[in-house]
1. Anything in the stretch 134-164 that is in a loop (DSSP other than H, G, I, E, B), closer than 19 Å to I181 by Cβ and in contact with a helix residue (DSSP H, G or I) (Cβ under 9 Å, 6 or more places away or on another chain)? List them, or say none.
2. Of all the residues that make up the stretch 156-169, how many are over 19 Å from V214 (Cα atoms) and either surrounded by 21 or more Cβ atoms within 10 Å (Cβ to Cβ) or at pLDDT 95 or above (or both)?
3. Going residue by residue through the stretch 60-71, is there one that turns out to be at pLDDT 95 or above, farther than 30 Å from L134 by Cβ and not in a loop (DSSP other than H, G, I, E, B)?
4. Answer yes or no as to whether V99 is surrounded by 15 or more Cβ atoms within 10 Å (Cβ to Cβ), closer than 25 Å to A158 by Cα and in contact (Cβ under 8 Å) with a residue 60 or more places away in the chain.
5. How about the stretch 102-121: which of its residues are closer than 14 Å to S217 by Cβ and either among the polar types (S, T, N, Q) or without any contact (Cβ under 8 Å) to a residue 24 or more places away in the chain (or both)?
6. Only one residue in A211, A182 is modelled with pLDDT of 85 or more, more than 18 Å from N129 (Cβ to Cβ) and among the small types (G, A, S). Which one?
7. For the stretch 122-151, how many residues meet the condition of being in contact (Cβ under 8 Å) with a residue 12 or more places away in the chain and either acidic (D, E) or touching a Cys at 6+ places or on another chain (Cβ under 9 Å) (or both)?
8. Within the set of pairs 6+ apart or on separate chains, which have a first residue in the stretch 227-240 that is farther than 22 Å from Y59 by Cβ and at pLDDT 95 or above, a second that is surrounded by 11 or more Cβ atoms within 10 Å (Cβ to Cβ) and of a type in the set (S, T, Y), and C-beta atoms under 7 Å apart?
Amino acid sequence: MRKLDRKIVISAVWAVGLLAVAGNLPAQELDGVHVIQGIDAAVKARMDGVQGYTVTEHYSVFRGKDQTHPVAEMTVKTTYNRDTGKSYQILSQSGSEIVGKLVFGTLLDNEKRINLPENRAASWLTSANYDMKLKSPGTERLNGRECYVLGIVPHEKAPNLIEGTLWVDANNFQIVQILGIASKSPSIFSGATQMMRQYNLIDNFAMATQARAVSQSFLLGQTVVTIDYRDYQLQLRPSS
């Protein structure tokens with residue numbers, strides 16, 4: 001083969017390679033769009049399909065480095081109704097009354113406010129509230145489930161909106177875990193709050209099973225709050 005012909009062939013191979021790489025970029029972008037559309041659809045199906053539920057929630061508060069002995073605990077029965085929001089029945093409470101009042105009272109009040117029908121959609125984990133981007137085109141195994149992993153940044157700053165990482169089930173786009181930092185501090189006296197929440201399928205819908213928040217405050221120092229959710233009873237719409 002002549003020298004000139006060799007250069008032409010090599011140039012052609014490089015051109016084909018570059019076109020192949022460029023051709024793959026839109027496919028990866030479409031995959032990201034597909035996953036985000038799946039997340040939006042799964043969240044909407046849950047909100048439309050679950051008319052109400054009851055769940056038992058156990059709250060524990062830890063101070064400083066001691067993650068073994070809670071300074072306060074509370075168990076509540078939570079009732080959710082799509083048309084009215086959340087209500088709570090305290091089943092038991094123990095430990096520091098001051099910590100309980102400051103932490104538990106604030107948590108329950110915030111949950112009530114967030115879940116009012118007129119406020120609820122603003123906290124959904126959807127593209128309407130978050131910028132979402134796949135961290136890689138592949139999947140990652142978490143809690144026995146193959147998951148897509150996305151970076152998420154809320155459009156607005158609020159204590160209940162998290163900037164961090166979202167894992168969703170690769171088979172049904174249901175939320176598996178969210179981990180990150182609250183985009184806004186709940187108080188001028190507290191710093192950034194690290195938040196984690198895990199989900200499992202209950203009647204084919206993603207429902208929270210565990211949550212953890214770590215914060216620093218002027219009054220309490222480092223505070224860790226954990227929540228365990230159990231005994232879900234869902235009331236589904238007939239169409240679901």
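The values are calculated or read from the model by the stated rules, or taken from the named source; none is laboratory data. Note that the structure is predicted; figures quoted are calculated from it, not measured. Here Cβ is always computed from backbone atoms with ideal geometry, including for glycine, and neighbour counts include all displayed protein chains.
1. E156, A158, P159, N160, L161, listed by residue number.
2. The first filter runs over the stretch 156-169 and keeps only residues over 19 Å from V214 (Cα atoms), leaving 156, 167-169.
Subset that is either surrounded by 21 or more Cβ atoms within 10 Å (Cβ to Cβ) or at pLDDT 95 or above (or both): 167-169.
Going through the stretch 156-169 one residue at a time, the tally reaches 3.
3. Checked the stretch 60-71: at least one residue is at pLDDT 95 or above, farther than 30 Å from L134 by Cβ and not in a loop (DSSP other than H, G, I, E, B).
4. Considered against the rule, which asks whether it is surrounded by 15 or more Cβ atoms within 10 Å (Cβ to Cβ), closer than 25 Å to A158 by Cα and in contact (Cβ under 8 Å) with a residue 60 or more places away in the chain, V99 comes out as yes.
5. T106
6. A211
7. 4
8. Q235/Y53
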